[in-house]
Amino acid sequence: MSTEMQPLFWRISDHDQSGFEAVSLLMPAGVSDQTPTEFPTEVSFRSNRSSTHPVDLRWSEEDSDLFMTLLDRLADEELEGDVELNLSDSVIQGIVQLVALARFKTPWPTDELTGDDFITEREELEMGDVVALNTRYGYPLAIIVGLDSVDATCILLDPVFSNSQVLIPDHSVLIVNRLSVLPATFADSDGGEEAIRH
């Protein structure tokens, strides 16, 4: 696989007939007599499909753009020209997982979750930024996977706790107002020494 994205597919299948569809990355074979390679993810979602036969969906342009953005932001090396990617690498698998979450998970509502606004230094937000979210229950770490002029779509990297109980698990997708997005130094799991509140 190179930065010139060859066609990739999502394989959606309900093997155990539980009503939950499991999502895998499917990489087509380069030669006609080879079988495609399937890379399972931890992503699943509820489905009303009656058939248990797998369905293959081609990656959308948004999937490819998000993958390349996250790869550029999270990879340790500069990406220039053709870059061969090892899809069994844990970092690459983590990025594929984030793209699958963004594509298939329904975002949680955040109206009751948002913390009180306060004055602090703000940073320009970009896709792939690791940030903290201002919630009534603390500042969980998240990564931005979508942006518009008002909201940011984020995937939680930390769970949200209320009274030591998990209120929202990690890897949940949230749509939050940009004003609730803070620098990562605010995160509960970060040292927070550089966070400045006024």
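Here segment 141-162 is the region considered, the condition is being open to solvent by 50 Å² or more (accessible area, probe 1.4 Å) and assigned to a loop (DSSP other than H, G, I, E, B), and the residue that is nearest to Asp65 (Cα to Cα) is Asp148. Contact map, segment 57-74: first residue touching a residue at least 40 places away in the same chain (Cβ under 8 Å) and under 19 Å from Ala22 (Cβ atoms), second residue in a helix (DSSP H, G or I) and open to solvent by 20 Å² or more (accessible area, probe 1.4 Å), Cβ cut-off under 6 Å, separation 6 or more or different chains; pairs are Asp63/Arg103. Figure legend. Inter-residue proximity from segment 104-124: first residues within 30 Å of Trp59 (Cα to Cα) and of a type outside the set (Gly, Ala, Ser), second residues part of a loop (DSSP other than H, G, I, E, B) and at pLDDT 85 or above, beta-carbon distance below 6 Å, spacing 6+ or different chains. Indicated pairs: Trp108/Ser172.
For residues that are farther than 27 Å from Ser44 by Cα and among the hydrophobic types (A, V, I, L, M, F, W, C), scanning just segment 105-140, find the one that is surrounded by the fewest Cβ atoms within 10 Å (Cβ to Cβ). The residue in question is Ile119. Considering Val43, Val55, Val23, Val31, the condition of being modelled with pLDDT of 90 or more and open to solvent by 50 Å² or more (accessible area, probe 1.4 Å) is satisfied by Val55 alone.
The values are calculated or read from the model by the stated rules, or taken from the named source; none is laboratory data. Note that the structure is predicted; figures quoted are calculated from it, not measured. We place every Cβ from the backbone using ideal geometry, glycine too, and count neighbours over all the protein chains shown. SASA here: full protein model, heavy atoms, side chains in, ligands and nucleic acids out. Shrake-Rupley method; radii C 1.70, N 1.55, O 1.52, S 1.80 Å.
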